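The next block holds one structure in the form of structure tokens; read it before the comments.
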Amino acid sequence: MSIKPDHWIRKMALEHGMIQPFEEKQVRTDVISFGLSSYGYDIRVANEYKIFTNVYNTVVDPKHFDNSSFVDFVGDVCTIPPNSFALARTVEHFKIPRQILAICIGKSTYARCGIIVNVTPLEPEWQGFLTLEISNTTPLPARIYSSEGIAQLLFLESDEICEVSYADRKGKYQNQVDVTLPRL
């Protein structure tokens with residue numbers, strides 16, 4: 001298995017629609033950077049959020065998730081309450097090839113502020129807009145800037161094609177469009 005460099009990512013994005021929209025260079029002026037980097041791609045967060053709230057004092061249960069645990073928000077700047085989190089989606093749509101595994105990791109600019117993006121895989125043949133979990137680990141409110149960089153994807157290519165892909169398994173998060181809550 002090998003990590004893929006910028007020229008490979010560019011080719012896969014432009015010729016095979018792996019990342020759409022695709023920014024061929026890293027954008028850095030007056031924004032948290034996004035776009036193609038040396039060995040990855042810095043993804044952006046869209047302006048649609050589900051902010052966790054404890055208004056109804058419910059128990060967080062992934063098998064019986066209560067949608068009232070979130071407040072929907074659309075805007076250019078999202079404020080996440082102290083010691084809480086928000087779900088959001090990427091600006092980019094992904095179409096991961098069968099021999100590729102992408103790993104999403106948070107950007108250091110946010111991490112240095114106590115804002116963590118959950119590490120998550122994009123499995124072979126998964127496609128859709130990625131739902132992100134953004135945690136505010138600080139005792140203060142934290143801001144997230146829509147349409148700016150939030151995390152980086154690293155692309156790993158296997159020497160062999162996987163026997164069963166995410167699409168073959170009919171994965172429950174395949175082709176998601178909106179911010180997607182936990183499913184069983």
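Side notes on the structure shown:
- Residue check, Phe65 within 23 Å of Leu184 (Cβ to Cβ) and aromatic (Phe, Trp, Tyr): yes
- Any chance Ser33 is modelled with pLDDT under 95 and over 14 Å from the mean Cα position of the chain (by Cα): no
- Residue list for the range 52-108, restricted to those being touching a helix residue (DSSP H, G or I) at 6+ places or on another chain (Cβ under 7 Å) and free of Cβ contacts under 8 Å to residues at least 24 places away in the same chain: Tyr56, Thr58, Val60
- Hits in the range 144-165 - residues which are under 17 Å from the mean Cα position of the chain (by Cα) and of a type outside the set (Asp, Glu): Ile144, Tyr145, Ser146, Ser147, Gly149, Ile150, Ala151, Gln152, Leu153, Leu154, Phe155, Leu156
- Hits in the range 135-177 (condition: acidic (Asp, Glu) and surrounded by 14 or more Cβ atoms within 10 Å (Cβ to Cβ)): Glu148, Glu157
- The strands (runs of 3 or more DSSP E) found entirely in the range 61-166 that carry 3 or more residues being not aliphatic (A, V, I, L, M) are 70-74, 84-95, 127-136, 149-157.
- One residue stands out among those in the range 72-95 that are among the β-branched types (Val, Ile, Thr) and surrounded by 18 or more Cβ atoms within 10 Å (Cβ to Cβ): the one that is farthest from the chain's Cα centre (by Cα), which is Ile80.
- Where Asn118 falls short, out of the listed (1) under 19 Å from Arg28 (Cβ atoms); (2) surrounded by 14 or more Cβ atoms within 10 Å (Cβ to Cβ): (1)
- The set of residues from the range 30-57 being in a loop (DSSP other than H, G, I, E, B), touching a Lys or Arg at 6+ places or on another chain (Cβ under 8 Å) and within 19 Å of Ala142 (Cβ to Cβ) comprises Ile32, Ser33.
Residue by residue, here is whether (1) at pLDDT 95 or above; (2) more than 28 Å from Arg10 (Cβ to Cβ); (3) touching a helix residue (DSSP H, G or I) at 6+ places or on another chain (Cβ under 7 Å); (4) not hydrophobic (A, V, I, L, M, F, W, C) holds:
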site: Thr137; (1), (2), (3), (4): yes, yes, no, yes
site: Pro141; (1), (2), (3), (4): yes, yes, no, yes
site: Gly149; (1), (2), (3), (4): yes, no, no, yes
site: Ser165; (1), (2), (3), (4): no, no, no, yes
site: Thr180; (1), (2), (3), (4): no, yes, no, yes
site: Arg183; (1), (2), (3), (4): no, yes, no, yes
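- Filtered residue count, the range 18-75, keeping only those that are of a type in the set (A, V, I, L, M, F, W, C) and touching a Cys at 6+ places or on another chain (Cβ under 9 Å): 3
- The number of residues in the range 36-71 being β-branched (Val, Ile, Thr) and either closer than 15 Å to Gln152 by Cα or at pLDDT below 80 (or both) comes to 6.
- The range 15-71, residues that are exposed (fewer than 14 other Cβ atoms within 10 Å of the Cβ) and within 16 Å of Glu92 (Cβ to Cβ): His16, Gly17, Gln20, Pro21, Glu24, Lys25, Val31
- Per the conditions (1) under 17 Å from Lys50 (Cβ atoms); (2) without any contact (Cβ under 8 Å) to a residue 24 or more places away in the chain; (3) not in a strand (DSSP E or B), the sole criterion not satisfied by Val179 is (2).
- Here Val27 fulfils each of the conditions (1) in contact with a Lys or Arg (Cβ under 8 Å, 6 or more places away or on another chain); (2) closer than 27 Å to Phe85 by Cα apart from (1).
The values are calculated or read from the model by the stated rules, or taken from the named source; none is laboratory data. Just so it is clear, the structure is predicted and the values come from calculations on it, not from any experiment. Cβ sites come from the backbone with ideal geometry, for glycine too, and all protein chains shown count toward neighbours.
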